[in-house]
Amino acid sequence: MKHLFTSLLSLYAFVVLTGCSNKPPAAEETKEETKVFIREETVTYTGDDTEMTGFIAYNTTSETKRPVILVVHEWWGQTDYPKSRAKQLAEMGYLAFAVDMFGQGMTADDPKAASDLAMPFYTDPMKAKRRFDAALARAKQHPMADTTQVAAIGYCFGGSMVLNMARLGVNLDGVVSFHGNLQGVPPSKDKLKAAVLVCHGEDDKFVSEKDVQTFKHQMDSIGANYTFKSYPGATHAFSNPAATEKGKKYNMPIAYNSTADTASWKEMQAFFGRLFKK
């Protein structure tokens, strides 16, 4: 009986002490300390005689100005996908600005509509530059923007656009193209100042091996600072989780590839780590 009383007393003491403790578990402490709060802002701006709708994301854990990264969408337009990438960049400590290239937040529901929206910017690079310049100017107006450190990333159509912006001499520290078209404005040593990272799917049916070799030859011929990463088994749009479903729906050779998505995002992170000092 004495042993039973002692055991019950010890159990009671343990319950009281642990129940009265105000200290949360260590795991919860760590989770709270590392939580990042993302602020999202929708802004309107005008360029090329068109009103555009941009999306800004940045974390609020610091009042320090941070590098600006513009995100250019696929030919589907300013959907939730580029906005999700902007939020990921914000979590990393950047001020991300999702660009509205088509204007008025227009999006496309099918490949025909997407092609109609995108084609004018392929055929008229200066039209694309005017839209991009307007977004860049608006992003730089943000109070959290470090205007001395600016880069851009783009997906598919957007990848092609950011490559052209660099080749047209837009003042950027670097650009990253994810499964973008490689054809465009021929690079010039006098204009191309940005570092370039190309993340390409080896099985991309929209970009031929000839396109790849031509791109590399042009960049090599002017001594461009570029890195070309190619991912086996990856098709066009490999970074977008919605690509597989859209590929099946519209009979397009596009699909999500998680391995290439993860690898290319890590390449981008390392690329920006070399470019910027946050």
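Residue under question is residue 221, and the condition is that it be surrounded by fewer than 21 Cβ atoms within 10 Å (Cβ to Cβ) and either of a type in the set (Gly, Ala, Ser) or closer than 30 Å to residue 64 by Cα (or both); does it hold?
For residue 221, the condition - surrounded by fewer than 21 Cβ atoms within 10 Å (Cβ to Cβ) and either of a type in the set (Gly, Ala, Ser) or closer than 30 Å to residue 64 by Cα (or both) - is met.
Just to verify a result, which residue in the range 224-248, among those that are crowded, with 17+ Cβ neighbours inside 10 Å and hydrophobic (A, V, I, L, M, F, W, C), is farthest from residue 268 (Cα to Cα)?
243
Can you tell me how many residues in the range 98-117 are crowded, with 20+ Cβ neighbours inside 10 Å and of a type in the set (Gly, Ala, Ser)?
First, the residues of the range 98-117 that are crowded, with 20+ Cβ neighbours inside 10 Å: 98-102, 114.
Applying the additional criterion that residues be of a type in the set (Gly, Ala, Ser) yields 98, 114.
Total satisfying the criteria: 2.
Here is a yes/no grid of residues against (1) more than 24 Å from residue 90 (Cβ to Cβ); (2) of a type outside the set (A, V, I, L, M); (3) touching a residue at least 24 places away in the same chain (Cβ under 8 Å):
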{"site": "153", "(1), (2), (3)": "no, no, yes"}
{"site": "195", "(1), (2), (3)": "no, no, yes"}
{"site": "200", "(1), (2), (3)": "yes, yes, yes"}
{"site": "209", "(1), (2), (3)": "yes, yes, no"}
{"site": "213", "(1), (2), (3)": "yes, yes, no"}
{"site": "225", "(1), (2), (3)": "yes, yes, yes"}
{"site": "233", "(1), (2), (3)": "yes, yes, yes"}
{"site": "240", "(1), (2), (3)": "no, yes, yes"}
{"site": "255", "(1), (2), (3)": "yes, no, no"}
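Identify, from the list 68, 36, the residue that is in a loop (DSSP other than H, G, I, E, B), more than 16 Å from residue 106 (Cα to Cα) and touching a Ser or Thr at 6+ places or on another chain (Cβ under 8 Å).
36 is the lone residue from the list that is in a loop (DSSP other than H, G, I, E, B), more than 16 Å from residue 106 (Cα to Cα) and touching a Ser or Thr at 6+ places or on another chain (Cβ under 8 Å).
Find the residue count for the range 249-278, including only residues that are of a type in the set (Val, Ile, Thr) and buried (at least 16 other Cβ atoms within 10 Å of the Cβ).
1
Laboratory data are not the source of any read-out in this text; all were calculated from the coordinates shown. Bear in mind the structure is a predicted one, so any value in this text is a computation, not a measurement. Backbone-built Cβ (ideal geometry, glycine too); neighbour counts: all protein chains shown.
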